[in-house]
Amino acid sequence: PSPAFLSDESVQVQGYAFLTSSSEDEAAQEAEHLKGSFFTHALLTGLRPQVPQITDVRGLGAMVAAEFTDAEMAKRVQAEALKRRLILLTCGVDADVVRFLFPLSTSPDVFDEALGLLREALLAARP
């Protein structure tokens, strides 16, 4: 199982942390500003034929998750993303899920860049 609070001593990362608060209209803000869950969900679903290790894509709002065939594939995706300076979190009972969660303050240009990096990481992680 994954350690509590997503602590993982095998990876050390430097970067920025963005803290956001939830509000009643947060989903609407996200939908108008980035359409994040739609594009992330569509990208992951669209890549399933090329990355058959993606077994499920789920989520609502700004948080989407992809389940993989096993924890090893999830770790490979995470490692490939980190090579590209994109930080992803693994989760799930079997650590076979990668969660995508971005702050609402993310600009559309940065979001588009992140989706491109995610695509590269997923394709590079294939066995």
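Within segment 71-93, which residues are touching a Ser or Thr at 6+ places or on another chain (Cβ under 7 Å) and either assigned to a strand (DSSP E or B) or open to solvent by 60 Å² or more (accessible area, probe 1.4 Å) (or both)? Those that are touching a Ser or Thr at 6+ places or on another chain (Cβ under 7 Å) and either assigned to a strand (DSSP E or B) or open to solvent by 60 Å² or more (accessible area, probe 1.4 Å) (or both): K75, T90, C91.
Scanning segment 39-70 for residues that are over 13 Å from the mean Cα position of the chain (by Cα) and crowded, with 17+ Cβ neighbours inside 10 Å, we see that the one that is farthest from L117 (Cα to Cα) is Q53. Evaluating E24 against the criteria (1) loosely packed, with under 14 Cβ neighbours inside 10 Å; (2) modelled with pLDDT of 95 or more leaves one unmet condition, (2).
In segment 100-118, the condition of being modelled with pLDDT of 95 or more and either over 12 Å from the mean Cα position of the chain (by Cα) or open to solvent by 40 Å² or more (accessible area, probe 1.4 Å) (or both) is met by no residue.
The values are calculated or read from the model by the stated rules, or taken from the named source; none is laboratory data. Keep in mind that this is a model prediction, so the values were computed, not measured. Neighbour counts run over all protein chains shown; Cβ positions are idealised from the backbone, glycine included. Note: accessible area is taken over every heavy atom of the protein model, side chains too, but ligands, DNA and RNA are not part of it. Shrake-Rupley method; radii C 1.70, N 1.55, O 1.52, S 1.80 Å.
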